[in-house]
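Below is one structure, written out as C-alpha cells, with a few remarks after it.
Only the coordinates and a few stated rules stand behind these numbers; no lab work does. Just so we're clear, the structure is a prediction, and the values are computed from it rather than from any experiment. With ideal geometry, Cβ positions are generated from the backbone for all residues, glycine too; neighbour counts draw on all protein chains shown.
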Amino acid sequence: MPNPYLKIAAALVAGIAVPALATAAAAPAKTSAPAPAAQNQMPTRAQIIQNVATSFKAVDTNGDGVLSQAELAAAEAKGIQQRVALARQRMEAEFNRLDTNHDGQLSKAEFMAAAPTGPTTPPTGADILAQLDKNHDGKVSLEEYRAPMLARFDQIDTNHDGIISAAERQAAEARQGK
C-alpha cells in the first residue's frame, strides 16, 4: 500500500504545479497569435520538470531540499486561503452585479431580476413534430415517438443481443466523448 503522506505531498506539489503549468501554458508568446493546435498543446516533459522544481522550491521555505510536514502544512494552508479568497471575490462580484442600486443590500426585486425567465413566446412543438413525424401526417405515433430511442439503443447494443452491457456503454461514452 502506498504511503499516504507521499500521496498528500504529491497532491500538494501537483496542486501547486498545476497553476504554474496553467500560467506557463496561458502566457502567449509576444509574436503573432498562436495556431489553434498550439493553443491546445500539453506542456512538455521538460516544462513539467521545471514547473515541479519551481513549485518544490516555493514549498521548501527553509531551502534544505526536503519538504517537512510543517512546510507541507503551510503550503496546504496557503492553497486553501487562495481558494477561499477567490471564491469570496467571485461572490462579491456576483453580489455587486445583482445589487443594481448599489446600496449594499439585495432586495427581492434585485434578486428576482437575476432569476432565469422563460421564453417570451410559448413553445409550439413544431420543431419536435418536424423531427419525429416521419410520415408527415401532422401527428406523432407511438412508433415514431420511440424510433429515435430504439435507434440509439441499437447503435449502443453493438452485438445486438437486446442488452447494453457495461462494455458497450463504456464504448458508447468513449465515442461520444470524441
For this session: Mind listing whichever residues of the stretch 51-79 are outside any helix (DSSP H, G or I) and among the charged types (D, E, K, R)?
Result: Asp60, Asp64
Problem set entry | Residues within the stretch 149-178 that are β-branched (Val, Ile, Thr) and under 25 Å from the mean Cα position of the chain (by Cα), tallied | 0
For this session: Considering only residues that are loosely packed, with under 14 Cβ neighbours inside 10 Å and of a type in the set (D, E, K, R), look in the stretch 43-73 and name the one that is farthest from the chain's Cα centre (by Cα).
Result: Asp64
Problem set entry | Matching residues in the stretch 93-107 - criterion: being among the charged types (D, E, K, R), loosely packed, with under 11 Cβ neighbours inside 10 Å and assigned to a helix (DSSP H, G or I) | Arg97
